[in-house]
Amino acid sequence: MPSWNSRGLRGSVLEEALNITNEKYRREKLALVQKIPTPITPMEIDQEKHHITLAYFEQKSTVDYIGNVQGVPVCFDAKECAADTFPIQNIHEHQVNFMREFEEQDGVAFLIIFFSKAEEYYYVPFRDMLFFWDRAKGGGRKSFRREELDAGYRIPFSNQIYVHYLEALSKDLEKRG
């Protein structure tokens, strides 16, 4: 079973940028999107600092964020990758299942991936993620390259302060018709 401190701060840069972005969107009344905390069971607590030093996840998380963008229900997961290839193993089956069910209820599911080496953010629609997922499960590549992603969904880099994903979401909604 994974523990809280085994994952370190992986993805914290992206998630902090998304939290700031979502707060900006809320203030501007563009969207109401919240980070979904993963329930943990504390195992060890530093009594002096009152910090949890070891904890276990109570259940599998679904996605990192869920909310509403001008009447459109959205859910997405934030992923960070140091290389130019993204391993499919970083996407979990329960996340794929949740996103599939979310889209079946007329919501929009997607990933936001930060390729830190290239300093590039991408909005990856669920249908594209599912293509890579199915390819891997069918015996194909177990990862996808940054170059395989739709360049139209590249999110402009903004000093890691904001991740302006609404334009990419808008393009996705136009493609859906």
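The values are calculated or read from the model by the stated rules, or taken from the named source; none is laboratory data. Here the structure is a predicted model, which means the values were calculated and not measured. Note that we place each Cβ from the backbone using ideal geometry, even for glycine, and neighbour counts take in every protein chain shown.
Residues in the range 140-166 that are in a helix (DSSP H, G or I) and within 14 Å of Val69 (Cα to Cα): Leu166 alone.
Taking the conditions exactly as written (outside any helix (DSSP H, G or I), closer than 21 Å to Val13 by Cα and at pLDDT below 90), does Ile112 satisfy them or not? No; evaluated as a whole, the condition is false for this residue. Here Leu169, Leu173, Leu130 are screened, and the one residue that is over 20 Å from Gln95 (Cα atoms) and either of a type outside the set (Gly, Ala, Ser) or part of a helix (DSSP H, G or I) (or both) is Leu173.
Criterion first (closer than 28 Å to Lys29 by Cα and modelled with pLDDT under 95) does Glu58 satisfy it? Spelling it out, it is not the case that Glu58 is closer than 28 Å to Lys29 by Cα and modelled with pLDDT under 95. Assessment of the range 62-80 against the conditions (more than 22 Å from Ser12 (Cα to Cα), part of a loop (DSSP other than H, G, I, E, B) and free of Cβ contacts under 8 Å to residues at least 24 places away in the same chain) yields at least one matching residue. Among the conditions (1) surrounded by 15 or more Cβ atoms within 10 Å (Cβ to Cβ); (2) at pLDDT 95 or above, the only one that Ala17 does not satisfy is (2). Considering the range 74-119, and only residues there that are of a type in the set (Asp, Glu) and closer than 19 Å to Ser170 by Cβ, the residue that is surrounded by the most Cβ atoms within 10 Å (Cβ to Cβ) turns out to be Glu103. The set of residues from the range 131-143 being surrounded by fewer than 17 Cβ atoms within 10 Å (Cβ to Cβ) and not small (Gly, Ala, Ser) comprises Phe131, Asp134, Arg135, Lys137, Arg141, Lys142.
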